[in-house]
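Novice: I am attaching a structure below and will ask some questions about it afterwards.
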Amino acid sequence: MVWSGLVVSEAAGPQTPVPAPAVAAPPSTRAVLDQYCVTCHNQRLKTGQLSLEGLDAAHPAAQPEIWEKVVRKLQSRAMPPQGARRPDEVTYRRLQAALEGELDAESAAHPNPGAPVLHRLNRSEYANAVRDLLDLDVDVTSLLPPDDSAYGFDNISDVLGVSPSLQEKYVSAAMKIAAVAVGNPDITAGSDTFRIRQDLSQDQHIDGLPLGTIGGTAVRYTFPLDGDYVFQAKLYRTNLNIVRGLEYPHDVEIAIDGKRVYLATIGGREDLESLFDKPTDTGDAVDARLRVRVPVTAGPHDVTVAFVEDAPVAEPVRLQPFLRSSIDNFDWAGRPHMQTFTITGPFNATGPGDTPSRRRIFSCRPKTVQAEPACAERILSTLVRRAYRAPVEPIDMQRVMKLYREGRRNATFEAGIETALQRILAAPKFVFRVERDLPNATPGTPYRISDVELASRLSFFLWSSIPDEELLKVAEAGKLKDPAVLEAQVRRMLADERARALVDNFAGQWLQLRNVRNVQPNSDLFPDFDDNLRQAFKTETELFFESIIKEDRSVVDLMTANYTFVNERLARHYGIPDIHGTRFRRITLTDERRFGLLGKGSVLAVTSHAERTSPVVRGKWVLDNILGAPVPPPPPDIPQLKEKVEGEKPKTMREQMAEHRTQPICASCHKVMDPIGLSMENFDVVGAWRSDDDGNKIDASGELGDGTKVDGVVTLRKALMAHPEVFVRTITEKMAIYALGRGLDAHDMPSIRAIIRESADQGYRFSSIVLGIVRSTPFTMRVAQQPTSVN
């Protein structure tokens, strides 16, 4: 037996203690660094602008910015580089644990939530806040300019600047929104035009339109007043200015909330005969036939315009049939295609109507002039509390009531409410997420934010909007700081339909789904690609990400899940049989190549060029969004891939990339990116599977940065998920950036590690990541600043 460092024999007779065999102590952090790292990272070479020589490795918390970089390289096993002497796995883990332990201990002893930020609402947040405050959907793209992005997101405080012209935009937007919300009878007629992409195939039913129709478009539109509105549909014309598809008659239907309000017939013998004599006049006459003026009640309505499904039309004879119905802009035969739909009005307005926004605003209706001030105060105090996300302060009520009285003077009670509402919607306390220091807080000292401020942070994180009544009440009662109450609210909010904002705004930017609308492959090379497929790509990935949230699945499933969502168009593209119709449905995948994000058409399309795939872009996407190891931007004089030479056999993408890597300026980054991207080469520009490219058989083999060999997307996925905590760290960091509205620095990394450790015990469920973020030091605390005022 072994006792107190001695080995004692248990045989009979007198025992003589024998010294235990010496066990070598593990090398110190400093010794490991000197052995494997300082060879390159020393004062003389400073490889990567980093020197570890002479630094105090026993106390890394003194220089967290440097040591967090070292930890990240150790986590990914990226250093030392392939070909250099590397430690064994045990040494890697010990070194990483030693550095993280010191850094985390310092963070626990001295919390640093990071510098406070003054966060202006971006366009999406402003629109959502108006929706939840007034029960009014507004399209702010025409009211406010686009937002700049940083760290991959457009809700980053550093780039959400304010200028005099932007302030004017917010004031103008507030005036227009208030007029529609209240139902100002003096609203003048305006028009909104909705464009249908030229490559939308309109020979089939479009999801969301009435059954029995094909083509067309659907619009959710808020009509400001009861009155008459003009609907105008226009058809695409060929490059010869001829409306296509007039050789057969077609019925066009305009419907409101599913009820037909107009039916017109275009095409047939009369239009066809006129087409050859006066093509432009015929087109104008057809467009005039698709114009109608109808009475509509105020408020939101679903408006559709589409062709009534009829007998199949004889398509032009082509050498190859295409899925896309608008392949040729010179072809006048086939089916007509809708191009625009315009709504103009109101005309002959008869009143504000009974709209959701008026019901939300006018919680009381005074019967006498004397009762108006009390009713106005009741209405406006409710709006101020929700809009400013905090208990009402007397100074705020004084300001809005003053404006109410000014608006009421020589006008109506509703005009006074509208004037006050304009102030609320343009007020800094609405447009900015304001947080104030505690009265006795010492500048530079971290402290927990108030429950009301926490509620605002939480709602803008999960909903991209203001807190609802339940969350605000809990916060005002001081209960949100209770861990059980906080968790219950987070789970309630994730189950709410407003959590769709995480799909639209977080996943839409992290996974670059917003860029799908810009995907435009070369139509000569990919003639079957159409807007129907483009929209299907985006919908598939959105539904996939949403399922992770709703079912509270492990975030690792984003990479490994064996299910997806398809409709008939997308299923045909993927080669999946027996799927019919435009409705998306969940299916179990049998082809492992389509598992997770790496098999999604949206990801594959946004990481390609118009005419060819891009191993560089795909490799960079994986490094940035899956591994959290972004590469630096290329230098300005980077050489392009060589163009194909006519008469010569085209080079494979692998051969072209090998030539590119001979450039010393390119080699270091491409050595990391290219093997990842080349392993995905079996997916073409639009994400379809292929075995060869331009006659050359595709070679998808390669070796990753850590020495792992891959031979396609399946082995790539398995290699990436061999250490799932790396992907979990990436999504946690991305979500933390989005939640905090700022970039992360070394002081945030201990919190990120704590979130991942706690989440691991729950299988990395989505809710565990979210809960970890909302409980973290950066999310629940701030550093006291010098006194400021926001009015």
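The values are calculated or read from the model by the stated rules, or taken from the named source; none is laboratory data. Quantities reported herein were computed from a predicted structural model and do not represent experimental measurements. With ideal geometry, Cβ positions are generated from the backbone for all residues, glycine too; neighbour counts draw on all protein chains shown. We work out accessible area using only protein heavy atoms, side chains counted, and drop any ligands, DNA or RNA first. Shrake-Rupley method; radii C 1.70, N 1.55, O 1.52, S 1.80 Å.
Novice: Kindly report, to the nearest 10 Å², the accessible surface of Ile327 as traced by a 1.4 Å probe over protein heavy atoms only.
Specialist: Probe radius 1.4 Å; accessible area of Ile327 about 40 Å².
Novice: Of all the accessible heavy-atom surface of the chain, with the other protein chains kept in place and a 1.4 Å probe, what percent is carbon and sulfur?
Specialist: The value for the chain is 53 percent carbon and sulfur by accessible area.
Novice: Roughly how many Å² of Glu469 are accessible to a 1.4 Å probe, to the nearest 10?
Specialist: Surface accessible to solvent at Glu469 totals approximately 70 Å².
Novice: What relative contact order, as a whole-number percentage, does the chain give when Cα pairs under 8 Å and 6 or more residues apart are counted? Walk me through the numbers on the way to the answer.
Specialist: Values: 1254 pairs, mean separation 109.4, N = 791.
In percent, rounded to a whole number, it is 14.
Novice: What angle do you read, to the nearest 10 degrees and between 0 and 90, between the alpha-carbon axis of helix 483-495 and the longest principal axis of the chain?
Specialist: 50
Novice: While we're here: Check each of the chymotrypsin sites (Phe, Trp or Tyr not before Pro) in the stretch 538-584 and keep only those in coil by DSSP with at most 14 other C-beta atoms within 10 angstrom; list them in order.
Specialist: Of the chymotrypsin sites (Phe, Trp or Tyr not before Pro), not one in the loops of the stretch 538-584 has a Cβ with at most 14 other Cβ atoms within 10 Å.
Novice: Same structure again: Using only the Cα atoms of the chain, build the gyration tensor, take square roots of its eigenvalues as a ≥ b ≥ c, and label the shape rounded, prolate or oblate: rounded if a/c is under 1.5, else prolate if a/b is larger than b/c, else oblate.
Specialist: The shape class here is oblate.
Novice: Counting Lys and Arg as +1 and Asp and Glu as -1, each charge on the Cβ, what is the dipole of the stretch 18-152 about the Cα centre in debye, to the nearest 20?
Specialist: Roughly 880 debye, rounded to the nearest 20.
Novice: Enter the accessible area per residue of the chain (Å², integer; probe 1.4 Å; all protein chains in place).
Specialist: 47
Novice: Can I ask one more? Return the long-range amide H neighbours of His119 (sequence gap of 5 or more, or a different chain), with a cut-off of under 5 Å between placed amide H atoms.
Specialist: HN-HN under 5 Å from His119: Arg433.
Novice: For helix 531-550, report the angle its Cα long axis makes with the longest principal axis of the Cα atoms of the chain; keep it between 0 and 90° and round to the nearest 10°.
Specialist: 50
Novice: Right, something else. Ignoring ligands, DNA and RNA, how do Lys259, Lys718, Lys429 rank by accessible area with a 1.4 Å probe, largest first?
Specialist: Greatest to least solvent exposure: Lys259, Lys718, Lys429.
Novice: May I pose another question? Can you tell which of Leu323, Ala426, Pro336 lies farthest toward the positive end of the dipole of the chain, using +1 and -1 charges on the Cβ of basic and acidic side chains (Lys, Arg; Asp, Glu)?
Specialist: Ala426
Novice: Using amide H atoms built in the peptide plane, which far-off residues or other-chain residues are under 5 Å from Thr238 H to H?
Specialist: Under 5 Å from the amide H of Thr238 lie the amide H atoms of Val243, Arg244, each far enough along the sequence or on another chain.
Novice: Dipole size in debye (nearest 20) for the chain around its Cα centre, Lys and Arg Cβ +1, Asp and Glu Cβ -1?
Specialist: 1580
Novice: In a shell of Cβ-Cβ distance under 11 Å around Thr297, excluding Thr297 itself, what net charge do Lys and Arg (+1) and Asp and Glu (-1) give? Walk me through the intermediate numbers first.
Specialist: On the way: positive: none; negative: Asp226, Asp257, Asp354.
It works out to a net charge of -3.
Novice: Continuing with this model, one more query. Any idea of Thr715's accessible area? Nearest 10 Å², probe 1.4 Å.
Specialist: For Thr715, the solvent-accessible surface is approximately 50 Å².
Novice: Are there chymotrypsin sites (Phe, Trp or Tyr not before Pro) in the stretch 128-206 that DSSP marks as loop and that have at most 10 other Cβ atoms within 10 Å, and which are they?
Specialist: Counting only loop positions with at most 10 other Cβ atoms within 10 Å, none of the chymotrypsin sites (Phe, Trp or Tyr not before Pro) in the stretch 128-206 qualifies.
Novice: Order His609, His110, His337, His41 by their accessible area, 1.4 angstrom probe, all chains in place, largest first.
Specialist: Largest accessible area first, the list is His110, His609, His41, His337.
Novice: Loop only by DSSP, 11 or fewer other Cβ within 10 Å of the Cβ. Give me the trypsin sites (Lys or Arg not before Pro) in the stretch 44-135 that pass, ordered by residue number.
Specialist: Arg44, Arg85
Novice: Ordering Leu438, Leu740 from largest to smallest accessible area (1.4 angstrom probe), what's the sequence?
Specialist: Result of the area sort, largest leading: Leu438, Leu740.
Novice: Using packing as a proxy for protection, rank 751-757, 369-375 so that the peptide with the highest average count of other Cβ atoms within 10 Å comes first.
Specialist: In decreasing order of mean packing, 751-757, 369-375 become 751-757, 369-375.
Novice: Count charges around Ser76 for me, please; just the other residues with Cβ under 11 Å from its Cβ, Lys/Arg as +1, Asp/Glu as -1.
Specialist: +2
Novice: Where the centre of each part is set by its Cα atoms, how far does the stretch 167-210 sit from the stretch 451-508, in angstrom?
Specialist: Their Cα centres are 29 Å away from one another.
Novice: Helix 615-625 sits at what angle to the longest principal axis of the chain, using alpha carbons and giving 0 to 90 degrees rounded to 10?
Specialist: 80
Novice: So what's the gap between the Cα centers of the stretch 383-409 and the stretch 27-75, to the nearest angstrom?
Specialist: When both Cα centres are located, 57 Å separates them.
Novice: Can you give the charge dipole size of the stretch 494-590 about its Cα centre, rounded to the nearest 20 debye, using +1 on the beta carbon of Lys and Arg and -1 on the beta carbon of Asp and Glu?
Specialist: 80
Novice: Which ³J(HN,Hα) values, rounded to whole Hz and listed in residue order, are derived for the stretch 564-575 from phi using the Karplus coefficients 6.51, -1.76 and 1.60 in 6.51 cos²θ - 1.76 cosθ + 1.60 with θ = phi - 60°, glycine and proline given as x?
Specialist: Listing the rounded values in order: 7, 10, 9, 10, 4, 4, 6, 4, 4, 5, 7, x Hz.
Novice: In whole Hz, what ³J(HN,Hα) sequence does the stretch 586-592 give by Karplus (6.51, -1.76, 1.60; θ = phi - 60°), x for Gly and Pro?
Specialist: Values, residue by residue: 7, 9, 8, 7, 9, 9, 5 Hz.
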